[in-house]
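K.L.:
Mind looking over this structure? Questions follow.
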Amino acid sequence: MEKYQAAGLAAELKAQLRLFERVQERLQERVAANTETSAQLDSIALQIHNLYCAAEDLMKLIAQSFENRIGSGVDWHCSLLLRMSEPVPGIRPALLSEDLFDIMNRLRGFRHFVRHAYVTDIDAAQLQINLAFAVQLTHELPTAVHQFIGQLEDPDFSSD
């Protein structure tokens, strides 16, 4: 990747991280408001869903920049996670560590549930489990993105 392309991607990733942080703030506000009613549980679940989607959008930026495609079909979400967990030698570093992949994969399942659970009540215990994963994601993903950007900007990283 040319230097100007890497700089452009880095700027896009930083902008997407700001959006991710805004969703994180909304999630924190919802949690602080309590989890006593089903409406509050639904609101927290939606923000966890949104947090995952913001993270996934970040990965889509990387996939579009390096591989010129995101994927299609029913398993593209899982495929994207798998692709971002592996480096492409000489092209791009991996974004996701094994732990971050696991967190994202678990949240991917929760996102799917929230997106398709039209009349199902959110289980408070399951919500707490996924909230813990969401909190981990908010700590680990920004670090991973900054490391990814650092590797792209490293003159020793070769994309030839």
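The values are calculated or read from the model by the stated rules, or taken from the named source; none is laboratory data. Remember, predicted model here, so these are calculated numbers, not experimental data. Note that each Cβ is placed from the backbone with ideal geometry, even for glycine, and that neighbours are counted across all protein chains shown. Ligands, DNA and RNA are stripped out before the accessible areas are found, and what is left, the full protein with its side chains, is counted by its heavy atoms. Shrake-Rupley method; radii C 1.70, N 1.55, O 1.52, S 1.80 Å.
K.L.:
Leaving out ligands, DNA and RNA but keeping every protein chain, what accessible area does F113 have, in Å² rounded to the nearest 10, with a 1.4 Å probe?
P.N.:
80
K.L.:
If you rank Y4, Y52 by how much accessible surface each has, with a 1.4 Å probe, what is the order from largest down?
P.N.:
Sorted by accessible area, descending: Y4, Y52.
K.L.:
Please report, to two decimal places, log10 I(q)/I(0) for region 82-160 at q = 0.19 Å⁻¹ as given by the Debye formula with identical point scatterers on the Cα atoms and no solvent.
P.N.:
-0.84
K.L.:
I'd like the accessible area for H112, computed on protein heavy atoms only with a 1.4 Å probe and all protein chains in place. Round to 10 Å², please.
P.N.:
100
K.L.:
Accessible area per residue, 1.4 Å probe, Å², for the chain: what's the number?
P.N.:
On a per-residue basis, 56 Å².
K.L.:
Could you calculate the contour length gain from T120 to A11, that is, 0.36 nm times the residue separation minus the distance between their Cα atoms, to one decimal place in nm?
P.N.:
Fully extending the segment from T120 to A11 adds 35.3 nm.
K.L.:
Sticking with this one: Answer with a single label: of [x] 23, 20, 13; [y] 34, 17, 12; [z] 31, 16, 12, which was calculated as semi-axes √(5λ) of the Cα gyration tensor in Å from the structure in view?
P.N.:
Checking each listed value against the structure points to [z].
K.L.:
Note down the relative contact order for the chain as a percent, whole number, built from C-alpha pairs under 8 angstrom at least six residues apart.
P.N.:
Relative contact order, the chain: 29 percent.
K.L.:
Compare E36, E98, E21 in a GNM of the chain, Cα atoms joined below 10 Å, and give the one with the largest fluctuation.
P.N.:
Judging by the Gaussian network model, the answer is E36.
K.L.:
Oh, and also: When the accessible area of the chain is computed with all protein chains present and a 1.4 Å probe, what percentage of it is carbon and sulfur?
P.N.:
50
K.L.:
Among D75, D57, D42, which one shows the biggest mean-square fluctuation in a GNM of the chain, springs joining Cα atoms closer than 10 Å?
P.N.:
Result for the chain, Cα springs under 10 Å: D75 fluctuates most.
K.L.:
Can you list which of the trypsin sites (Lys or Arg not before Pro) found in region 43-84 are DSSP loop residues with at most 15 other C-beta atoms within 10 Å?
P.N.:
R69
K.L.:
With each run of n ≥ 4 DSSP H residues scored as -39500 (n - 2.57), what mean residue ellipticity at 222 nm is computed for the chain after dividing by its residue count and rounding to the nearest 500 deg cm²/dmol?
P.N.:
Value at 222 nm, helices only, nearest 500: -25500 deg cm²/dmol.
K.L.:
Multiply the residue separation of V88 and E21 by 0.36 nm, subtract the distance between their alpha-carbon atoms, and state the gained length in nm to one decimal.
P.N.:
Working it through step by step, the gained length comes to 21.3 nm.
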